[in-house]
Amino acid sequence: MIPLSAVAFFHNGHTPLGVNHQGQFAAATISFNLAPGKAISDAQTAIAAAIQQIGMPSTVRGNFAGTALASQQAQSGQILLIGAALLTVYLVLGILYESYIHPITIISTLPSAGVGALLALKMFDMEVTIIAFIGIILLVGIVKKNAIMMIDFALHAERQGLDTREAITQACLLRFRPIMMTTMAALFGALPLAFGTGEGSELRHPLGITIVGGLLVSQLLTLYTTPVIFLFLDRFGKAAGRGWRRLYLSERAPRPAGA
């Protein structure tokens, strides 16, 4: 018989009735509430700073669970989601116009919409929540129609024999009215979401505010920036095409006998 004191010791004290585990490791759950006016991202930043200040040993690990984990996963996937949306738009427009250049002109209108949405949220003291992010994704599909209207008309005018500058000038003049009509329709349609009242209206406010802010800023800027970018990229595309043709023809040119 081997006594217990040979391999362990025992004494009287207090101990929990059960030991919780997460995976294969013992774990303890610490819950927290948000202070008024604070978002869950602020709490995550404060917790990360506290962990760095405490200097916990490497054997102690901490991670988020529940709502904090869902928010962290959503934030990490936002960049990938925006990139996938832009890539899809580029591929569709590239197939539509059979060009590598003109889709870039259309996509160039999207940053102004994002800036307008963020400025509107800042103006109304709102956080970039999941609902606001959905509004930014919606702006990707709404805002690019300004450039599509201009570029589609300009390309058609170029095929009719007009110069590139004259074609985009005519596009800006003749497409101004339908651009304003579609923008105002989308903007006024989003106003009830932004400023409506009633049950659950606070959930819809960030969605409407992002759409209204993005449409206002993009409408003011894209009417001036889209023609400039179109002319610049059109010249760049034509210069690159001429350079490629010269290089291709020089490589395909027959060499004289004995060379």
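The values are calculated or read from the model by the stated rules, or taken from the named source; none is laboratory data. Worth saying up front: this structure is predicted, and the values here are computed from it rather than measured. Methodologically, a virtual Cβ is constructed for each residue, glycine included, from the backbone with ideal geometry; neighbour enumeration extends over all protein chains shown. Heavy atoms of the whole protein, side chains included, go into the accessibility calculation; ligands, DNA and RNA do not. Shrake-Rupley method; radii C 1.70, N 1.55, O 1.52, S 1.80 Å.
Numbers below:
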quantity	calculated
Extreme residue, positive dipole direction of segment 34-144, given options Ser58, Ile106, Ile131 (C-beta unit charges)	Ser58
Within the chain, helix-based [θ] at 222 nm, where runs of 4 or more DSSP H residues each add -39,500 (n - 2.57), nearest 500	-24000 deg cm²/dmol
The chain - Kirkwood radius from inverse mean 1/r over Cα pairs (Å)	23.6
Contour excess over end-to-end distance, with Cα ends at Val92 and Met181 and 0.36 nm allotted per residue	29.6 nm
Student exercise, the chain dipole from Lys, Arg, Asp, Glu Cβ charges, in Debye to nearest 20	960
Contour minus Cα-Cα distance for Tyr100 and Leu119 (0.36 nm per residue)	3.7 nm
Sparse-neighbour loop sites [chymotrypsin sites (Phe, Trp or Tyr not before Pro); segment 1-83; at most 13 other C-beta within 10 Å; DSSP]	Phe9, Phe10, Phe32
Solvent-accessible area per residue for the chain (1.4 angstrom probe, square angstrom)	70
Difference of contour (0.36 nm per residue) and Cα-Cα distance, Phe188 to Val228	11.5 nm
The chain, accessible surface, carbon-and-sulfur percent (1.4 angstrom probe)	65
Solvent exposure ordering (accessible area, 1.4 Å, most first) of Lys144, Lys38	Lys38, Lys144
Nearest 10 degrees, 0 to 90: helix 110-123 Cα axis against the chain principal axis	50
Computed accessible area, His102, all protein chains, 1.4 angstrom probe, square angstrom	20
Selection from Ala240, Ala147, Leu215, by position along the positive dipole direction of segment 131-259 (Cβ)	Ala240
Euclidean distance between Cα centres, segment 69-141 to segment 154-192, Å	22
Area accessible to solvent at Glu158, 1.4 Å probe radius, in Å²	50
